[in-house]
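> Quick one: the structure is below, and I'll ask about it shortly.
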Amino acid sequence: MFRLSIVFLVVCIISVNGDYYSAISELERLLDVEAFIVEKFDQYLEQAQKDQENIKKFLKQVEDLQIDRGDLEDYFGNPLNAFKTIRRLVHDWKFNVFDPVFDTSNFEAYKTSLGDSLDKIKFKGPNQEDLHGATRGLLRLQNIYNLPTNRLANGVLLPEEKNQLGTSLSASDCFELGKNLCEIKEYSYGSEWLLEARKRMHGQPLGFISPNVSDVQILEHLSPAFNGLGNLKLAHKLNNEILDKESGHEEALKNKIVYEGQLAKERSLSPRKVNLPQLTEREKKESFQLYKRVCQGELRQSPREQRNLKCSLSHQGVPYYRLSPFKVEQLNLDPYVAYVHEVLRDSEMELIMEKGKGHMERSKVGQSVNSTTSEIRTSQNTWLWYDANPWLSQIKQRLEDVTGLSTETAEPLQLVNYGIGGQYEPHYDFMEDDGHAVFGWKGNRLLTALFYLNDVSLGGATAFPYLRLAVPPVKGSLLIWYNLHRSMHKDFRTKHAGCPVLKGSKWICNEWFHVGAQEFRRPCGLKSDEGKFLDLEHK
């Protein structure tokens, strides 16, 4: 008989990098495929042996989930649902269904039938990278928003609320999170999730399925985690607990010798230094620390800074808008940042998102050929070209009217969808080399226009660390800001970021206006601003 490695390839054909965790838009079909697999296994189990009752219990849990899933956008806007769905497809099906079932005599016939069916719909399932990406997404939410592990596991996001997410994580979910975090040396959070898994495993009702997790498996990762945190005595104690349960455990016996040797050395030397979690170079930057505080709502503009800001109705000199003016809300005067509300109609937003679905790819950072995927930016995007989509002409004209700029040198619209804990860490929109190397005569990115295509339940604000400004997504609104001074030199105060999406799905659409062709629309200033705020460039 072929073992599970061959079987699992039938269902989880290798997916492209980050297909599922980096954007909500790609998660929706997983539940449909999972429902299809349930149906296939129901047929198979009619011929299976009577001792496979555990498989039926597992399938019943998945069937109940299919009934209760509701609206898919809302369902996958919940980061815990997104993580649990990926984890089921990566682990639960493999260990609780495929392993025991595919040892039966009907293996070959069933494998062929299931494989052919999945090939017909060109299904590419989530892989280990998607699961790791989902883990990093939940870690990001904890880190940025200071979420306690036990509360997040219970679906609680705010102290005064109960279960906002409407779901919770099982012992096996918590175990998978803890194990993955320890693998990337995030021992502090990893140990918390492993302890949570242990607590939930002992608190589960009898008969409840907790796939692929046992006390020993949790301890196998928990003991090294505490050793990594510098708590050697606790690591040694937990390792002994493994041996109490399995006296012949090979790895624990090796660790016992190592731990006891280290403890003996510590007794004769100075106390061991605790290895606290180390920040990466980008996390040490001032802009990153400000970004976290702005996303958390801890750092805001003062009333004095806001007192000159205004809300107004403006026709921008366009006769058409004298009867129905733009609703402008100033958010910062220098550099200029403003909301323009109710710019898009519901039908336009729905059409934009519909056109993008099925064409989204993992977002990259960097310029041109040197761009690459990175955890700095976790989203998927696609481009909507004006020439290929004539229906965008009205939106294009509206952008010109509201900004007063020409779209002659503007880029195509970039549609972006954020996934589990989706974010974009602090960055500039302008190019480092003034844009000529990338865009030629069009020059650098003068202004950013960002459409919010939906409301986000929690998180997902656009943060400006140096301006102490967090702009929450408001459906149908347009956020605009200038990236350059009037002299067309780079304004380093415009560093901005997308805060992680805590609950919900975030869809945005970007347009970048360039310096070229704006000579008569927005003439450059005569006074050079080249030396201003240079101290912020690398902070």
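> Starting from residues that are among the hydrophobic types (A, V, I, L, M, F, W, C) and within 17 Å of ASN483 (Cα to Cα), keep the ones in the stretch 510-539 and report whichever is farthest from the chain's Cα centre (by Cα).
My answer is CYS524.
> Go through the stretch 242-260 residue by residue and tally those that are in contact (Cβ under 8 Å) with a residue 24 or more places away in the chain and surrounded by fewer than 18 Cβ atoms within 10 Å (Cβ to Cβ).
4
> Return a yes/no flag: does the stretch 440-450 have any residue that is out of contact with any strand residue (DSSP E or B) (no Cβ under 6 Å at 6 or more places or on another chain), of a type outside the set (Lys, Arg) and free of Cβ contacts under 8 Å to residues at least 40 places away in the same chain.
There is at least one residue in the stretch 440-450 that is out of contact with any strand residue (DSSP E or B) (no Cβ under 6 Å at 6 or more places or on another chain), of a type outside the set (Lys, Arg) and free of Cβ contacts under 8 Å to residues at least 40 places away in the same chain.
> Out of LEU478, LEU484, LEU467, I need the residue that is farther than 24 Å from HIS538 by Cβ, assigned by TED's automatic domain parsing to the domain that holds ASN370, surrounded by 18 or more Cβ atoms within 10 Å (Cβ to Cβ) and not basic (Lys, Arg). Which one?
The conditions single out LEU478.
> Please enumerate the residues belonging to the stretch 274-291 that are more than 17 Å from TYR145 (Cβ to Cβ), at pLDDT 85 or above and within 21 Å of the chain's Cα centre (by Cα).
SER287
> Given the condition out of contact with any strand residue (DSSP E or B) (no Cβ under 9 Å at 6 or more places or on another chain) and among the charged types (D, E, K, R), answer yes or no: does some residue in the stretch 490-511 qualify?
Within the stretch 490-511, none of the residues are out of contact with any strand residue (DSSP E or B) (no Cβ under 9 Å at 6 or more places or on another chain) and among the charged types (D, E, K, R).
> Take the residues of the stretch 487-509 that are over 25 Å from ARG304 (Cα atoms) and basic (Lys, Arg): which is farthest from the chain's Cα centre (by Cα)?
LYS490
> Can I ask one more? Going through GLU192, GLU196, GLU176 one at a time, which residue ends up being more than 24 Å from TRP93 (Cβ to Cβ) and either at pLDDT 90 or above or of a type in the set (Lys, Arg) (or both)?
GLU192
> Report, by residue number, each residue of the stretch 392-440 that is among the charged types (D, E, K, R) and in a loop (DSSP other than H, G, I, E, B).
Across the stretch 392-440, the qualifying residues are GLU408, GLU411, ASP429, GLU432, ASP433, ASP434.
> Select from the stretch 438-455 the residues that are aromatic (Phe, Trp, Tyr) and buried (at least 21 other Cβ atoms within 10 Å of the Cβ) and list them in ascending order.
Of everything in the stretch 438-455, those that are aromatic (Phe, Trp, Tyr) and buried (at least 21 other Cβ atoms within 10 Å of the Cβ) turn out to be PHE451, TYR452.
> Suppose we keep only residues that are over 22 Å from the mean Cα position of the chain (by Cα) and modelled with pLDDT of 95 or more within the stretch 367-385. Which one would you say is nearest to LYS285 (Cα to Cα)?
So, considering only residues that are over 22 Å from the mean Cα position of the chain (by Cα) and modelled with pLDDT of 95 or more, the one nearest to LYS285 (Cα to Cα) is LEU384.
> Among the candidates LEU344, LEU313, single out the residue that is in contact with a Phe, Trp or Tyr (Cβ under 9 Å, 6 or more places away or on another chain) and in a strand (DSSP E or B).
LEU313
> One residue is enough: does the stretch 487-503 have a residue meeting the conditions of a type in the set (A, V, I, L, M, F, W, C), at pLDDT 95 or above, over 23 Å from PRO79 (Cα atoms) and in a strand (DSSP E or B)?
No, the stretch 487-503 contains no residue that is of a type in the set (A, V, I, L, M, F, W, C), at pLDDT 95 or above, over 23 Å from PRO79 (Cα atoms) and in a strand (DSSP E or B).
> Still on this model: Quick one: count up the residues across the stretch 45-69 that are under 29 Å from the mean Cα position of the chain (by Cα) and either more than 17 Å from ASN163 (Cβ to Cβ) or modelled with pLDDT of 80 or more (or both).
The qualifying residues number 9.
> A further question follows. Evaluate the following for GLU34: is it surrounded by 14 or more Cβ atoms within 10 Å (Cβ to Cβ) and at pLDDT 55 or above?
For GLU34, the condition - surrounded by 14 or more Cβ atoms within 10 Å (Cβ to Cβ) and at pLDDT 55 or above - is met.
> Filter the stretch 150-189 for residues that are of a type in the set (Ser, Thr, Tyr) and in a loop (DSSP other than H, G, I, E, B); which is nearest to ASP71 (Cα to Cα)?
THR167
> While we're here: Determine, yes or no, whether ALA171 is of a type in the set (Gly, Ala, Ser) and out of contact with any Leu (no Cβ under 8 Å at 6 or more places or on another chain).
The answer is yes for ALA171.
The values are calculated or read from the model by the stated rules, or taken from the named source; none is laboratory data. This is a predicted model, so every value here is computed, not measured. Virtual Cβ from ideal backbone geometry, glycine too; neighbours counted across all protein chains shown.
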